[in-house]
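Peer 1: First, the structure itself, so that you have it in front of you.
Readers should treat all values here as calculations from the given coordinates under stated rules, not as data from a laboratory. Fair warning: this is a prediction, and the values are worked out from it, not measured in the lab. Methodologically, a virtual Cβ is constructed for each residue, glycine included, from the backbone with ideal geometry; neighbour enumeration extends over all protein chains shown.
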Amino acid sequence: MQLESFVARSLGRWRSMRSGHSLAFQQFEDVRSSVLIESIEPQDPLVLNLLKDCTIRDAKPVHPFRMEWNAESDWEPDDPSAITAGSCILVPIPTDNRNGILLRSVGYAEAEQAASNYTFLEDDTFILSTQYGQSIAEERIWFVSENVRCRSSVLRTSAGSGILQTSFASEIRRLDSFS
């Protein structure tokens, strides 16, 4: 799979169910989310600002997209019915057909801008590796069918020696017009 197909297959509204295990807190968490993934133009001011902030010169972004989510978790210490919401801009910059850099306005593991390395395996699994200030995240995304995809993640210490958190999510594309 190449980046263009991966982004095209990811566009739309998704319903996600994620189970996470925080080894640091010895807690399990179940999260239900609504996720919207939509393409944006390479010349969108948000894309241009992200490129400028990340000081990537002469970058040729391909198929940038925006992701928005609303999540309900069973592990909200103050308010179990609280909903977490957010959005981010993602800007892929391929280096070849299977590898590249993915700029994110907000990271997966830490709430900061991030530059991740991505690669596609032979079985079309998308692997994303991100070095943050306090941790290292590895995410894997693969499609089971046209409307079902899976994600897994492992969050390690910044030295890479210890595992902090693991998660698995199954995501179903919303096909109804009332999402």
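Peer 1: Let me check against my output: what whole-number percent is the relative contact order of region 3-171, with C-alpha pairs under 8 Å and at least 6 apart?
Peer 2: Over region 3-171, the number comes to 18 percent.
Peer 1: Continuing with this model, one more query. Label points 7 Å out from Cα along the Cβ direction at ASN147 and ALA24: separation in nm?
Peer 2: 3.8 nm
Peer 1: Now, a different point. Modelled label-to-label distance, ASN97 and GLN2, 7 Å Cα→beta-carbon offset: nm?
Peer 2: Between ASN97 and GLN2, the simple spin-label model gives 0.7 nm.
Peer 1: Per DSSP H run of at least 4 residues, take -39500 (n - 2.57); add these up for the chain, divide by its residues and hand me the 222 nm value, nearest 500 deg cm²/dmol.
Peer 2: So the helix-based figure for the chain works out to -2500 deg cm²/dmol.
Peer 1: Search the structure for amide H atoms under 5 Å from the amide H of THR125, placed 1.01 Å from N in the peptide plane, and list their residues when 5 or more places away or on another chain.
Peer 2: Here nothing satisfies the definition.
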